[in-house]
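Working notes for the structure below.
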Amino acid sequence: MRADGSAASRTTTSGTGLTVRNNAGSIMEQNVFRSQLNRRSLFALGGAVAVTGALAACGGNTGRETATGGGTSGGGGGSKVTLNQWYHQYGETGTQQAVERYAAAYPKATVKVSWKPGDYDQSTAASLLTDAGPDVFEYGNGPTIDMIKGGQVLDLTDAFGDAKSDFNASVLKRVTYQDKIWAIPQVIDMQLLVYRKSMLEKAGVKPPETIDDLIAAAKKLTTSDVKGLFVGNDGGGGLLGGPMLWSAGLDYLTDDNQFGFDDPRAVTALGKLRELWQSKSILLGAPKDWFDASALTSGLTAMQFTGLWTFPDIKKGLGDDFGVMAWPKLDADGKDSVPVGAYGACVSAKSQHVDEAKAFAKWLWVDQTADQLDFATAYGFHIPSRTSLIPKAATLATGQAADAAKLATDVGHAQSPLLWTPKCNTAFGDMMSRIVKDGADPKAEIAKVKTVVDAELKRVLA
């Protein structure tokens, strides 16, 4: 990672397009995500359980570590208004100093940056009900539907102007409600399927194009020492619910906000994860879960569903011996997909300086493209939320990294829709666990979830 100022940093670019920043000659630190991995939350990957919920709560699948401690710093001075800006506490070296630097450069207000430890989502949501909260704050995938319906955040549609079409369409859709945009996406993270080229070549296996191809490949790649596929220590129940729905051309909700997967194709798709579980070709009980690349790099598996943030570790361990691809479609009528997520910059409706807060959010996350590029690529391994910045990112210029960035743009899919509440998420996660691990009937389980989701939709849309 970039040094935090204590030592000079230097940058080298690998043949895969991965820029590795070394501090005093050391390789980039490992981005192991350390949030509460058994927590369900809004930003769950595909609305599933466990680890995905934790990712969502922190703003989603980021791979960014959570650090300890906290702090507040100021920028600007004089008689200008003071704005309070909150971030959850990133663990990547230099990130705090970067956002403080951005804030200090703002000429029209004094911006005080607060680095918030602990359960950021819970404390931030509670603060919005009081006069002691922030003016500008980040939130995982943008505000919740209850924040929007409760009038706790402001409409930021006007902040985008002509730049609206430049933002990743999937993450922008996730923060849009009733044709209004409620947050400005800051930086994109994603998950995708990564595979060992040499293992596939040795086994005579091509990168799979459909789910059945994937199951067949996993079986063929499995040996006494290696499993064909790793999708999490729970067999994919907490990670792949969304991608399996998308593989069938379905989604959690329809475009008109109705239950989206009361469909025979969903029964088939979700049942495929049970088939994988029973195939004995998936890795279970790995020392570290899917968000860490060690199962792939140590040779425990030939294919792994993981996060973009692991690329520096994969490059270090495997060199160029890896390829990337989307989660495959169910069949010819289905769709490939990669889950994407983004922190969103929001403005509190209780701010005493709403106009100034909106102006600052626009300045930082719409106008300051150099800072947006820096934030996405200099502290960890991420993708700018604006597509025009991707070609300018040295970290995403060539090889597997460029392939991944293209997938995020072409087949990226927000982890769960805005109206998918925590209660929906919990019901969905429980369903996935019962289907994958217990062999429960997918059709009956989908019906149970539909009852919960229909009631939640009625509540939030009332």
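Structural remarks
- Hz values of 3J(HN,Hα) by residue in segment 114-126 - Karplus curve (6.51, -1.76, 1.60), Gly and Pro given as x: 10, 9, 9, x, x, 7, 4, 4, 5, 5, 5, 4, 5
- Once the chain from Ala455 to Ala104 is taken as fully extended at 0.36 nm per residue, the excess over their C-alpha distance is 121.7 nm.
- Residue pairs, from the table Lys202/Lys315; Lys335/Lys362; Lys350/Lys423; Lys173/Lys362, whose Cα atoms sit over 25 Å apart: Lys335/Lys362; Lys350/Lys423
- For segment 408-459, diffusion coefficient by Stokes-Einstein and Kirkwood Rh (Cα), 10 °C, 1.306 mPa s, µm²/s: 131
- Distance-filtered residues of segment 98-119 - backbone nitrogen under 14 Å, label point 7 angstrom along Lys80 Cα→Cβ: 100-113
- Note, ³J(HN,Hα) from phi for segment 187-192, Karplus 6.51, -1.76, 1.60, rounded to Hz, x at Gly and Pro: 7, 9, 10, 8, 10, 6
- The H on the amide N of Ala414, modeled in the peptide plane, is under 5 Å from the matching H of Val340, each at least 5 residues off or on a different chain.
- Modelled spin-label separation between Asp263 and Ser123, with each label point placed 7 Å from Cα along the Cα-to-Cβ direction: 4.2 nm.
- Estimated Rh, segment 247-397: Kirkwood, alpha-carbon pairs, angstrom: 19.3
- Here the label points at Ser165 and Asp146, each 7 Å from Cα along the C-beta direction, are separated by 3.8 nm in the simple model.
- Backbone HN-Hα couplings from phi across segment 384-396 [Karplus 6.51/-1.76/1.60, Hz, Gly and Pro as x]: x, 6, 9, 5, 5, 8, 4, x, 8, 8, 4, 5, 10
- For segment 223-266: accessible area per residue (Å², 1.4 Å): 33
- Residue pairs, from the table Lys116/Lys316; Lys219/Lys450; Lys206/Lys280; Lys272/Lys458; Lys197/Lys280, whose Cα atoms sit over 28 Å apart: Lys116/Lys316; Lys219/Lys450; Lys272/Lys458
- Projected onto its three principal axes, the C-alpha set of segment 356-462 covers 50, 42, 22 Å, listed from the longest axis down.
- Burial ranking of peptide ranges 446-452, 99-105 (average Cβ count within 10 Å, highest at the top): 99-105, 446-452
The values are calculated or read from the model by the stated rules, or taken from the named source; none is laboratory data. Predicted model, so just to flag it, every value in this text is computed and none were measured. Positions of Cβ are backbone-derived with ideal geometry, glycine not excepted, and every protein chain shown enters the neighbour counts. Note: areas computed on protein heavy atoms with side chains; ligands, DNA, RNA excluded. Shrake-Rupley method; radii C 1.70, N 1.55, O 1.52, S 1.80 Å.
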